[in-house]
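The values are calculated or read from the model by the stated rules, or taken from the named source; none is laboratory data. This one's a predicted model, so the numbers in the text were calculated from it and none came from an experiment. With ideal geometry, Cβ positions are generated from the backbone for all residues, glycine too; neighbour counts draw on all protein chains shown.
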Amino acid sequence: EVQLVESGGGLVQPGGSLRLSCVDSGFTFSNYWMNWVRQAPGKGLEWVASIKGDGSEKYYVDSVKGRFTISRDNAKNSLFLQMNTLRAEDTAVYYCARDNHGPDDYWGQGTLVTVSS
Amino acid sequence: VVMTQSPLSLSVTLGQPASISCRSSQSLVHDGHTYLHWFQQRPGQSPRRLIYEVSKRDSGVPDRFSGSGSGTDFTLKISRVEAEDVGIYYCMRWPLNTFGQGTKLEIK
């Protein structure tokens, strides 16, 4: 059974940093693009970033460019999101999701990031 | 690119049909394929993909769910709504990963 498990969320002050992790089990991780998708409290889904299987291509939504960095370690079946200069509007549940021309049927349970003083 | 869903909320009697529309501000055709997907998010749960590439059902998705459309206009239909269908439904396009605003389905 495919499982994606996120971790690393928490409370951080505006301007602070946080690193999210997502570990896969159950599929050949390096064969897939991977995504981070977020959902602010009571709001809809927003794609945040994507990374190619070998890590050679990365894409970001405009609102996080220059502040967030997506990366992966295929040897550890792990996906990461380094979030710097966090703002209140970054408060959300962050999901990792496997990609197949868009997020497919494998999503994690999400990890909550709260940016507040 | 903007994905516009309508209605934004839907109240349906059990056993009755439901329909959600999704319109893109740009054509979704890419390399001969149309990557328009539908996701369901039940209360308190992670999103789940129901339909991919307009009309293909994911594994385990009941056949009461169907997708249709082309170009810029797409529709998700539920032939007979059941209690477990309560939640929010999102369309999404690829590339330019953009979700619609979501349509909240509740039981009347």
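Observations, loosely collected:
- Within the range B:43-58, tally of residues that are under 17 Å from B:Pro95 (Cα atoms), within 9 Å of chain A (Cβ to nearest Cβ) and part of a loop (DSSP other than H, G, I, E, B): 1
- With respect to the conditions (1) within 12 Å of chain A (Cβ to nearest Cβ); (2) in contact (Cβ under 8 Å) with a residue 40 or more places away in the chain, B:Lys77 falls short on a single one, namely (1).
- Within the range A:29-65, restricting attention to residues that are surrounded by 17 or more Cβ atoms within 10 Å (Cβ to Cβ), out of contact with any Phe, Trp or Tyr (no Cβ under 6 Å at 6 or more places or on another chain) and of a type in the set (Ser, Thr, Tyr), the residue that is nearest to the other protein chains (Cβ to nearest Cβ) is A:Tyr59.
- Checking the stated criteria, B:Thr98 turns out not to satisfy the condition of being of a type in the set (Ser, Thr, Tyr) and within 12 Å of the chain's Cα centre (by Cα).
- Candidates in the range B:25-42 are the residues that are touching a Leu at 6+ places or on another chain (Cβ under 6 Å) and assigned to a strand (DSSP E or B); of these, the one that is surrounded by the most Cβ atoms within 10 Å (Cβ to Cβ) is B:Leu36.
- For the range B:59-95, filtering for residues that are aliphatic (A, V, I, L, M) and either at pLDDT below 95 or in a strand (DSSP E or B) (or both) leaves 4.
- Of all residues in the range B:9-45, those satisfying the criterion of being closer than 15 Å to B:Gly102 by Cβ, among the polar types (S, T, N, Q) and under 15 Å from the mean Cα position of the chain (by Cα) are B:Ser9, B:Ser21, B:Gln40, B:Gln41.
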